[in-house]
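Written out below as structure tokens is the structure these notes cover.
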Amino acid sequence: MKLGFSLKLVLFFIVSALAVGAAAYLLSDFRLPFPDRSSSLETNADTLKYKTVIIDAGHGGEDGGASSAAGLVEKDVNLEISKLLCEMLRADGINVVMTREDDRLLYDRNSDYQGRKKKLDLAARLTIADTTPDAIFISIHMNSFTNPKYSGLQVWYSPNDPDSSTLAGLIQSNNKATLQPENTRKTKVATSSIFLLENTTCPAVLVECGFLSNPAEAALFETDEYKQKVASMLFDSITEFLEKSTDV
Ligand SMILES: [Zn+2]
């Protein structure tokens, strides 16, 4: 049988297309999965500058911190947000150290602590920050003021490591973008009134998540939904910071 030139050309293309298709099918089994965002921290684990997130739930035990008119106590809100944040970070493969996981101050019950509980507690939190290698420190608090009109999250940062203000800026701007578009607060460098930020040497921030003295904002923190939203915003900010902070 004698095939015309154009028919040969058509057959040639059909056979070529089948061959390319077969090769692509075989190779597809050996293709590496494309990394998604959630695994990028683990993929880049060796080059990450910071390996651990220390979450510091402010106050505890005898020291309740601020409280709302309706009776919401700061130490409890701090711990709940801290636990939610810890859960999300660990689920993402990030190493987390919690300064406290229950309702107590950190002081040695066998020591001479009378009149020194708060001082010993802060010293213990600072020791955790100082002795954890390659860590960043996030302290979780709630604000309060005599005039109830003030509201809005605000982040303070340590003066001792320039990365502190970078992390603070990410949290402040992510909060504005996702939770509080009306919030015009700026990050602030800590003064000596914030013992932990003054003394930590690793990147450290203190997040005043909202004002318990403002009835409307305090009511938000009564709900699990809003605490979850704040924790998610902190999670996004921290992972963004960790991904950007590499040794190379
Ligand atoms: Zn506080």
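Each value in this text was obtained by applying a stated rule to the coordinates, not by laboratory testing. Since we're looking at a predicted model, the values are computed, not measured. Note that we place each Cβ from the backbone using ideal geometry, even for glycine, and neighbour counts take in every protein chain shown.
Hull volume per residue, based on the alpha-carbon atoms of region 37-244 and their convex hull, is 123 Å³. Here's how it looks for residue 189: its modeled amide H is under 5 Å from those of 157, which are all 5 or more places away or on a different chain.
The residue list 204, 154, 183 was ranked by how far each Cα lies along the charge dipole of region 150-206 toward its positive end, using unit charges on Cβ atoms, and 183 comes out on top.
Shown here for region 116-221: GluC sites (Glu not before Pro) in loop regions (DSSP other than H, G, I, E, B) with at most 13 other Cβ atoms within 10 Å, namely 182. Rounded to the nearest 0.05, the FRET efficiency derived from the C-beta distance between residue 130 and residue 245 at R0 = 22 Å is 0.70. Secondary structure note: in region 66-221, about 40% of the DSSP beta bridges are antiparallel.
Placing R0 at 30 angstrom, the Cβ-Cβ distance between residue 69 and residue 173 gives a FRET efficiency of 0.45 after rounding to 0.05.
Amide H contacts under 5 Å for residue 139: 56, 205, 206, 207, restricted to partners 5 or more places along the chain or on a different chain, H placed in the peptide plane at 1.01 Å from N. Net charge dipole, region 37-244: roughly 460 debye, given to the nearest 20, about the Cα centre with Cβ charges of +1 for Lys and Arg and -1 for Asp and Glu. Computed over region 121-209, the percent of Cα pairs more than 23 Å apart is 24. Stretching residue 191 away from residue 166 to a fully extended chain increases their span by 7.3 nm, per 0.36 nm per residue minus the current alpha-carbon distance. Site pair residue 119 and residue 95 shows an inter-label distance of 3.3 nm when each label is modelled 7 Å from Cα along Cα→Cβ. Placing a pseudo-label 7 Å from each Cα along the Cα-to-Cβ vector at residue 87 and residue 184 gives an inter-label distance of 3.7 nm.
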